[in-house]
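Novice: My questions will all concern the structure given below.
The values are calculated or read from the model by the stated rules, or taken from the named source; none is laboratory data. It should be emphasised that the depicted structure is a prediction, and the values quoted were computed from it without experimental measurement. With ideal geometry, Cβ positions are generated from the backbone for all residues, glycine too; neighbour counts draw on all protein chains shown. These accessible areas exclude ligands, DNA and RNA; they are computed on the full protein's heavy atoms, side chains included. Shrake-Rupley method; radii C 1.70, N 1.55, O 1.52, S 1.80 Å.
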Amino acid sequence: MAWRIYQYIRHLFYTRHRKGHGIHSPYLFEFVNKVLFNARATEAPEAIMKEHRKLRAAFAFARRSSVSMKYGFLLYRITSWFQPEMIIELGTGMGISTLYLSSGSPETPLHSIEGDKERAALAAQLICRCCPGPLSIHWGGMEEKLELILPLIPQRFLAFVDGNHHYEPTVDYLRKLMDRAGDESVIIMDDIYWSRGMHRAWKEVVSWPEVKVSIDLFHLGILLLRKDLHKTEIKIKF
Ligand SMILES: C[S@@+](CC[C@H](N)C(=O)[O-])C[C@H]1O[C@@H](n2cnc3c(N)ncnc32)[C@H](O)[C@@H]1O
């Protein structure tokens, strides 16, 4: 805990670029202004927020381990902006982040993996109630299910990595996803300061040559792979 608090203070200290100040790449400037900090201009999916509120009131897991509304809405804005050919989620939980991801790009097929049977069932019920888009929840171990999904993944995808928060599996999943990625994919890693191991995984992945821009928002990190971007590491107070 003390380590996380120290890291948060450090993050605030090194934070720059709010509202895109000092960012020279037009693509990145657009991303920061129109996606990250554009919550007011984008229509909030009220039905999703309503479901989210209900789940938070009923389940400790939804309060403790799922994305908050602020970050769920950010996932929604990112998929709305990016419109990927496929969305991959590692760690469905009860399906809250799944709902935000899918609603942002409702035509896009989404594959999500969850190892806990009860949560996977709750997620399936949530998805049936809200019908956001074509999506499949794969119940089973992450390694096994990811191996099945990998051959289906197109080059232009968005992945949200939010399961099995340990250094080795995280780096392994990221490596596998990276090997499928064309130069436009977007990968979001949750909980990059959750532990020293997760932070080490984030730092390692950021150093890979395929990653052109990394955006550290403290609670999550965003990796942009576009080849025409210069290698840049940004920290933002979000
Ligand atoms: C942080 S929760 C996901 C929360 C969800 N993304 C959300 O924001 O609503 C992480 C999930 O990953 C699942 N998980 C962790 N390790 C796993 C593994 N090795 N295989 C499959 N699922 C795993 C857990 O069961 C848990 O539900």
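Novice: What's the carbon and sulfur percent of the chain's accessible surface, probe 1.4 angstrom, rounded to a whole number? List each step's numbers first, then the result.
Specialist: Details: 6110 of 11280 Å².
Ligands and nucleic acids excluded, carbon and sulfur give 54 percent.
Novice: So what is the relative contact order of the chain, in percent, for Cα pairs below 8 Å that sit 6 or more residues apart?
Specialist: Dividing the mean separation by the residue count of the chain yields 17 percent.
Novice: Then there's this: Can you give the Kirkwood hydrodynamic radius for segment 43-91, in Å, rounded to one decimal and based on Cα pairs? All intermediate terms of the calculation are to be shown ahead of the outcome.
Specialist: Details: mean 1/r = 0.0837 Å⁻¹.
One over the average 1/r among Cα pairs gives 11.9 Å for segment 43-91.
Novice: Restricting the calculation to Cα positions, tell me the Rg (one decimal) and the Dmax (whole number) of segment 2-235 in Å.
Specialist: Answer for segment 2-235, Rg first and Dmax second: 16.7, 47 Å.
Novice: Moving to a separate point now. Kindly give the semi-axes, whole Å and largest first, of the ellipsoid equivalent to segment 1-87, taking each as the square root of 5 times a Cα gyration tensor eigenvalue.
Specialist: Here the semi-axes work out to 26, 22, 11 Å.
Novice: For the peptides 179-190, 72-83, what is the packing order when you average, over each peptide's residues, the other Cβ atoms within 10 Å and list the highest mean first?
Specialist: 72-83, 179-190
Novice: Divide the volume of the convex hull of the Cα atoms of segment 55-138 by its number of residues and quote the answer in cubic angstrom per residue.
Specialist: Here the figure is 77 Å³ per residue.
Novice: Rounded to the nearest 500, what is the 222 nm mean residue ellipticity of the chain from helices alone, with -39500 (n - 2.57) per DSSP H run of 4+ residues and division by all residues? Before the final figure, lay out the partial values.
Specialist: Working: 10 runs with 106 residues, N = 238.
-13500 deg cm²/dmol, from helical runs alone.
Novice: Relative contact order of segment 55-123, please, whole-number percent, based on alpha carbon pairs below 8 angstrom and at least 6 residues apart.
Specialist: Working: 94 pairs, mean separation 23.1, N = 69.
Normalised by residue count, the contact order of segment 55-123 is 33 percent.
Novice: Given points 7 Å out from each Cα along the Cα-Cβ axis, report the LYS237 to PHE29 separation in nanometres with one decimal.
Specialist: Label-label distance for LYS237 and PHE29, simple model: 2.3 nm.
Novice: Also: Could you state the accessible area per residue of the chain in Å², with a 1.4 Å probe and every protein chain left in place?
Specialist: Normalised by residue count, the accessible surface of the chain is 47 Å².
Novice: Need the list of aspartates and glutamates near LYS54 for cross-linking: C-alpha distance under 19 angstrom, and skip anything on the same chain fewer than eight residues off.
Specialist: By straight Cα distance, LYS54 reaches GLU46, GLU118.
Novice: Also, quick follow-up: Using a 1.4 Å probe, how large is the accessible area of LEU12, given in Å² and rounded to the nearest 10?
Specialist: 70
Novice: Counting other Cβ atoms within 10 Å of each Cβ, which GluC sites (Glu not before Pro) in segment 85-168 have at most 15 and sit in a DSSP loop?
Specialist: Taking segment 85-168 and a limit of 15 other Cβ atoms within 10 Å, the loop GluC sites (Glu not before Pro) found are GLU107.
Novice: Rounded to whole Å and sorted largest first, list the principal axis extents of the Cα atoms in segment 143-192.
Specialist: Sorted largest first, the three principal extents are 26, 22, 13 Å.
Novice: How tilted is helix 46-58 with respect to the longest principal axis of the chain? Cα atoms for both, answer in degrees (0 to 90, nearest 10).
Specialist: 70
Novice: Considering all projection directions equally, how large on average is the shadow of the alpha-carbon convex hull of segment 140-238, in square nanometres? Don't skip to the end; give the middle numbers.
Specialist: On the way: hull surface 23.8 nm².
Projected over every direction and averaged, the Cα hull of segment 140-238 covers 6.0 nm².
Novice: Sticking with this structure for a sec: Based on the Cβ-Cβ distance of CYS131 and THR42, what FRET efficiency does E = 1/(1 + (r/R0)^6) give at R0 = 22 Å, to the nearest 0.05?
Specialist: With R0 = 22 Å, the Cβ-Cβ based efficiency is 0.60.
Novice: Could I ask something else about it? If I ignore ligands, DNA and RNA and count only protein heavy atoms, how much of THR232 is accessible to a 1.4 Å probe, in Å² to the nearest 10?
Specialist: Here the residue's solvent-accessible area equals roughly 50 Å².
Novice: Using the Kirkwood formula over every pair of different C-alpha atoms, what hydrodynamic radius in Å results for segment 77-216?
Specialist: Values: mean 1/r = 0.0665 Å⁻¹.
Result for segment 77-216, one decimal place: 15.0 Å.
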